[in-house]
Each structure stands twice: as structure tokens, then as C-alpha cells.
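Chemist: One structure, as C-alpha cells, below. Some questions next.
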Amino acid sequence: MTVDVIIIGGGPSGCAAALGLNRLGYKVVLCDQAKFPRDKVCGEFISPAADPILKRLGVLNRIEALSPKRLKGVAISSYEGEEIVIDYPQLPGMDARPTSLSVPRYELDAIFVEQVKQVGVEVREQHKVTDFLFAEGRVTGVRGWDENKTSFTLKAPLVIDAGGRNALSLKKMDLKKESAENTKIAMAAHWQGAKIADDYCYMHISRPGYTGISSVGKDRSNLVLVVNRQSMHGEKPDTFYLDAVMQNCHRRKILQDAECIESVRAIESLAFSVKPVTCGGLLLVGDAMGFIDPFTGEGIYLSLRSSEIAVEVADKAFKKTDWSNEVLKDYEVRRKQEFDKKFLLSRIFQKLIYSRFFCDRVVRALQRKPELAETLVGVIGDLSPAQTAVSLKFLLRLMSA
Ligand SMILES: Cc1cc2nc3c(=O)[nH]c(=O)nc-3n(C[C@H](O)[C@H](O)[C@H](O)COP(=O)(O)OP(=O)(O)OC[C@H]3O[C@@H](n4cnc5c(N)ncnc54)[C@H](O)[C@@H]3O)c2cc1C
């Protein structure tokens, strides 16, 4: 079978690419090894800047129909001491302060896949792509196995790999770069009965790591813990997670009458970057293009935006009937322009939060200068460009506070 575009992965990035290309009239097949609905370890809150993209993709109404939680901003505590609550800023042209959706991935990703099916894209669930087809040095299709272990082959001038952090391209083309210091592990579970004071994402930074807690509706909250693997001393994630979570006084207060209602799921080697693709016929979107750390919680927004850019570049390639790396590398350039500063900010946060000295001081400075706090949360929420906070001017204002 030959189509215009094959998409590997039906997470937010794969579905966004499928919906964008379908709207432009391209024939798309999307393969995912999973059967939906499927779950995913995630903080489950989506940057407020994603709302317009979700609307463009036609999924916002479906999400709103679930009456989801909407968060007003972020609350940060530093090493059980200083605390600050920061609302997303109301920027010029906005009617009100923006909010961020907080939706279980089990529901969100199922909505995405349903929408892709509804617009007429062929979705092949339980289809695992295991290899690429090549001709004249560029990718021209994929092969894999379906749920009956029957092999399949699909051909297309363009393949979009939206396979997430373990995407096929990363393995087959050796594109993943992981630093030796990358020993972070994330553990997540849903809770019932948590006493969450208000609609914020609560980030508690303390030893052995940090947590993000937010309500995901219907008396359910999601709690993600991120620590260095070494601090686990070989303990099992379930017992370690519950112990570590209760070590923090703010979390104990929130969770005193709460119950962890599922087994803890863990993800290792959190951060990685990705070398540029060197062959034609292939684009990487979403987590497949690299992942820093969930502290600033914007992976879904970045995934959706990367797919929007990929769709524009793919459209240009089709118009030129040229899917060579020369044409497709425009995606890499645009993606870097848009995201590099954001990735830098995320790296700065990584240094900052693991030092009590700096973390306390920054939280105190933000308490004194609420306008700086709002600027920072505006950038984290992808409402303002990253250079607003990644600048000497911002740093000097922070230091003077
Ligand atoms: C601990 C943690 C907390 C996070 N918290 C947040 C948060 O609060 N907010 C936020 O915005 N982001 C958060 N993120 C990031 C977010 O989860 C990701 O950025 C997002 O899921 C990326 O979407 P994606 O579509 O690229 O990949 P995924 O959602 O991972 O989807 C990839 C899909 O590809 C399929 N697939 C993979 N390989 C193949 C193959 N070979 N053949 C067929 N199918 C395949 C998989 O089955 C999967 O369905 C967090 C991440 C982590 C690890």
C-alpha cells in the first residue's frame, strides 16, 4: 500500500501531524503499537498556550466536554520553606487570565486518536513499526507487525516518527544522545482524597527530588516524583515513591487523608537530546526530537507545535515533490529557532532546583517581585517567548530582588 505520509505513533504529536496533514488533503496512515485508550506517565497538565492549537486541531471541544480541571498557575515550595503561588499572566489582547488544562492522559490521548479516525485518517492500532524501507538513501516506507503477528509493509515518500522517547528512528539511526549524568527517574501515580487547596500545579522541591501534584478532576490527583536513581538505593519504585512523597511537610498536609489508587509507574533516563536526521523522507516530532525534564511540564505543547511546523515543511516538500534532507532540514532550523531558548531555560531550572541555596533565593526574589514571577510563569506556560526570561536583563532584575 502506498500513501502520502506514514506516521509512527498516536500520541499528541502523531495525532497533531495526522490532523494537520489530513486537513491539507494528504493521504495519511497512522500506526501505533498500542490499543487505545492507553495510559502514559505524565504530569497531565498542558501549557495554556496549547489551547489555540487544540482548537485548531478540533479536539478542544471534546476535551471541554469532559469538564476538565483548569489550573490557574503554579505553586512552588523550596525545600519545605519558602512558598510562592503564581498565576498565569493576562497578556495584552487576552480577556482574562489564561488557565491550563489538567486531563488524564488515558482520556486525552484517546480523544486525539478518536478525532484522527473521525476526520478519515486510517489508524492502525496494535501495529508495531519495526524497520524503515530505504531507496536511494532516503526513507520510503516502513515495515512491522500487526496484532496477529502478521507482517505489513507501507510505502510513502514521507515518514513522520512520532514514537516518543523510544522512537524507532532513535534506535535504528543511533540518534539519541544521553549524558552520563542522566540518572533521573520519574515515578507517577493517581491519588484519591488529596486536599489540594486551590487549582494550581503544586511543585514541591526538596530532597530526594521534586514532585508535581495537581488535580485531574473527580477527586483524583496526579503526583509525579522525579529523583536521582542513586537516591533509591535499589529500593522498589512503589515503596520508595510513597516514602519519599511523605518526607515533605507540604505534601504530607495535602495527602494526609489520601490514598494512592494505583501501582506506581516509573520512567528512567528522563533527559536526552537527538542528533539531526541526515537522510531524506523522515521527520521526527514530539518527544522523538528530544526531552529535557518534566519540571516545566510543557512536553505536550512542544509536541503539538513541532507537529505544526513539520506539517508546514512537509507541505512544502510535497509541493516541490522533493523529500530530500535538503528540503526537510528546514524543519530542524525552525524547530531550533522556536525551542532552543526554552530548552536552555529548562536546563537552567535543572541546575537551580537541585541547589537549596539558589532555589530558596530565587523563590524569595520572586516573592518580592511578583511581576518577575508572572513573567517566568508566562514563559513556562509558553504564553511569552523564552527570551523574556532567558536574558541578562531578567537575570539582573532577579538578582537585584
Ligand atoms: C514524568 C513525566 C512527566 C511529564 N509531565 C508533563 C506535563 O505535565 N505536561 C506536559 O505537557 N508534558 C509532560 N511530559 C511530557 C509529555 O508526556 C510528552 O512530551 C508527550 O507525551 C510527547 O508526546 P508524543 O506524541 O511525542 O509521544 P508519546 O505520547 O510518548 O506517544 C508515542 C506513541 O508512539 C507509539 N509508538 C512508539 N514506538 C512505536 C513503534 N515502533 N510502532 C508503533 N507505535 C509506536 C507509542 O505506543 C505511543 O502511543 C511529561 C513526561 C514525563 C516523562
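Chemist: Roughly what percent of Cα-Cα pairs across segment 184-268 reach past 15 Å? Walk me through the numbers on the way to the answer.
Modeler: Numbers: 1832 of 3570 pairs.
More than 15 Å apart: 51 percent of the Cα pairs in segment 184-268.
Chemist: By how many degrees, between 0 and 90 and to the nearest 10, does the Cα long axis of helix 325-353 differ from the longest principal axis of the chain?
Modeler: Taking Cα atoms only, the helix is inclined about 20 degrees.
Chemist: Near residue 81, within a Cβ-to-Cβ distance under 12 Å, what is the net charge of the other residues, with Lys and Arg +1 and Asp and Glu -1? Mind dumping the intermediate values first?
Modeler: On the way: positive: 356, 361, 364; negative: 80, 82, 83, 360.
Net of charged neighbours comes to -1.
Chemist: Then there's this: Compute the angle between helix 299-320 and the longest alpha-carbon principal axis of the chain, please, reported from 0 to 90 degrees and rounded to the nearest 10.
Modeler: Rounded to the nearest ten degrees, it is 20.
Chemist: Based on the mean of other beta carbon atoms within 10 Å per residue, what is the order of 220-228, 7-15, 297-305, most packed first?
Modeler: With the highest mean Cβ count within 10 Å placed first, the list reads 7-15, 297-305, 220-228.
Chemist: I want to verify a result. In a Gaussian network model of the chain, Cα cutoff 10 Å, which of these has the top mean-square fluctuation: 358, 112, 36?
Modeler: Greatest mean-square fluctuation among the candidates belongs to 358.
Chemist: Can you find, among 240, 280, 310, the residue farthest towards the positive end of the dipole of segment 182-327? Put +1 on the C-beta of Lys and Arg, -1 on that of Asp and Glu.
Modeler: 240
Chemist: Now for a different question. Please report how far the C-alpha centroid of segment 14-36 lies from that of segment 324-401, rounded to the nearest whole angstrom.
Modeler: Spelled out, the Cα-based centre of one part sits 32 Å from the other.
Chemist: Per-residue ellipticity at 222 nm for the chain, helices alone: DSSP H runs ≥ 4 residues times -39500 (n - 2.57), over residue total, nearest 500 deg cm²/dmol? Walk me through the intermediate numbers first.
Modeler: Numbers: 12 runs with 143 residues, N = 401.
For the chain, the value works out to -11000 deg cm²/dmol.
Chemist: Please give, to one decimal in nm, the separation of the simple spin-label points placed at residue 27 and residue 229, each 7 Å out from Cα toward the Cβ.
Modeler: Here the modelled spin labels are 4.5 nm apart.
Chemist: Find how much the distance from residue 333 to residue 246 grows on full extension, using 0.36 nm per residue of separation minus their present alpha carbon separation; answer in nm with one decimal.
Modeler: Values: separation 87, 0.36 × 87 = 31.32 nm, distance 4.44 nm.
That works out to 26.9 nm of additional length.
Chemist: Now for a separate question. For the chain, give me the percentage of DSSP beta bridges that are antiparallel, rounded to the nearest 5 percent.
Modeler: 70
Chemist: Along each of its three principal axes, how wide is the spread of alpha-carbon positions in segment 90-226, in whole angstrom units, largest first?
Modeler: 58, 43, 40
Chemist: Taking Cα pairs under 8 Å and at least six residues apart, what relative contact order does segment 89-190 come out at, in percent?
Modeler: On the way: 80 pairs, mean separation 13.4, N = 102.
This gives 13 percent for segment 89-190.
Chemist: For the chain, with a Gaussian network of springs between Cα atoms less than 10 Å apart, report the residue from 214, 391, 169 with the top mean-square fluctuation.
Modeler: It is 391.
Chemist: Taking a spot 7 Å from the Cα of residue 151 along the direction of its beta carbon, which residues of segment 1-16 have an amide N less than 18 Å from it?
Modeler: What the label zone holds, given the 18 Å backbone N cut-off, is 1-2.
Chemist: Could you work out the relative contact order of segment 55-120? I mean the mean sequence separation of Cα pairs under 8 Å and 6+ apart, divided by the number of residues, in percent. Intermediate results must be reported in sequence, preceding the final value.
Modeler: Details: 57 pairs, mean separation 22.1, N = 66.
Taking the mean separation of contacting Cα pairs over the length of segment 55-120, I get 33 percent.
Chemist: Evaluate the Debye formula for the chain with equal point scatterers sitting on the alpha carbons, no solvent, and hand back log10 of I(q)/I(0) at q = 0.08, 0.09, 0.14 Å⁻¹, in q order, two decimals.
Modeler: -0.43, -0.54, -1.28
Chemist: What residue among 192, 396, 215 has its Cα farthest toward the positive end of the dipole of the chain, where the charges are +1 on Lys, Arg and -1 on Asp, Glu, each on the Cβ?
Modeler: The residue sitting farthest along the positive end of the dipole is 396.
Chemist: Taking amide H positions as placed 1.01 Å from N in the peptide plane, with prolines and chain starts having none, which residues 5 or more places from residue 140, or on another chain, fall under 5 Å of its amide H?
Modeler: Hits under the 5 Å cutoff: 133, 134, 135.
Chemist: For the chain, calculate the relative contact order in percent as a whole number, restricting contacts to Cα pairs under 8 Å that are 6 or more residues apart.
Modeler: Numbers: 826 pairs, mean separation 86.0, N = 401.
This gives 21 percent for the chain.
Chemist: Next up: At a Förster radius of 41 Å, what calculated FRET efficiency corresponds to the Cβ-Cβ distance of residue 183 and residue 61, to the nearest 0.05?
Modeler: Details: r = 42 Å, r/R0 = 1.02.
In this case the efficiency is close to 0.45.
Chemist: Follow-up question, since we're still on this one. Beta carbons within 10 angstrom, averaged per residue: use that to sort the peptides 332-341, 53-62, 87-96, highest first.
Modeler: Numbers: 332-341: 15.5, 53-62: 18.2, 87-96: 12.2.
Per-residue mean Cβ counts within 10 Å order the peptides as 53-62, 332-341, 87-96.
Chemist: Contour minus end-to-end for residue 395 and residue 39, with contour as 0.36 nm per residue of separation and end-to-end as the Cα-Cα distance?
Modeler: On the way: separation 356, 0.36 × 356 = 128.16 nm, distance 3.91 nm.
Additional length available on full extension: 124.2 nm.
Chemist: Can I ask one more? Neighbour counts of other C-beta atoms within 10 Å: give me 117, 195 arranged from fewest to most.
Modeler: The fewest-first ordering by Cβ neighbours comes to 195, 117.
Chemist: Now for a different question. With labels modelled as points extended 7 Å from the Cα through the Cβ direction, what inter-label distance (nm, one decimal) is found for residue 368 paired with residue 321?
Modeler: Distance between label points: 6.6 nm.
Chemist: Could you let me know the centre-to-centre spacing of segment 82-135 and segment 145-208, using Cα atoms, in angstrom?
Modeler: 14
Chemist: Turning to a different aspect of this structure: For every other residue with a beta carbon closer than 11 angstrom to the beta carbon of residue 380, add +1 if it is Lys or Arg and -1 if Asp or Glu, then tell me the sum.
Modeler: Values: positive: 342; negative: 298, 374, 382.
With Lys, Arg at +1 and Asp, Glu at -1, the net is -2.
Chemist: Kindly express, to the nearest 10 degrees and within the range 0 to 90, the angle between helix 356-368's C-alpha long axis and the longest C-alpha principal axis of the chain.
Modeler: Roughly 80 degrees, rounded to the nearest 10.
Chemist: Quick one: dipole size for segment 184-268, taken about the Cα centre, charges +1 on Lys/Arg Cβ and -1 on Asp/Glu Cβ, in debye to the nearest 20.
Modeler: Working: 11 positive and 10 negative charges, 43 e Å.
Dipole size: approximately 200 debye.
Chemist: Using per-residue counts of other Cβ atoms within 10 Å, averaged over each peptide, order 382-388, 137-143 from highest down. Can you show the working numbers first?
Modeler: Values: 382-388: 17.4, 137-143: 19.4.
Taking the mean over residues of other Cβ atoms within 10 Å, the ranking is 137-143, 382-388.
Computed from the coordinates by the stated procedures, all read-outs in this text should not be read as laboratory data. A quick note: this is a predicted structure, and the numbers were derived from the prediction, not measured. No Cβ is skipped: glycine too gets one built from the backbone with ideal geometry, and neighbour counts run over all protein chains shown.
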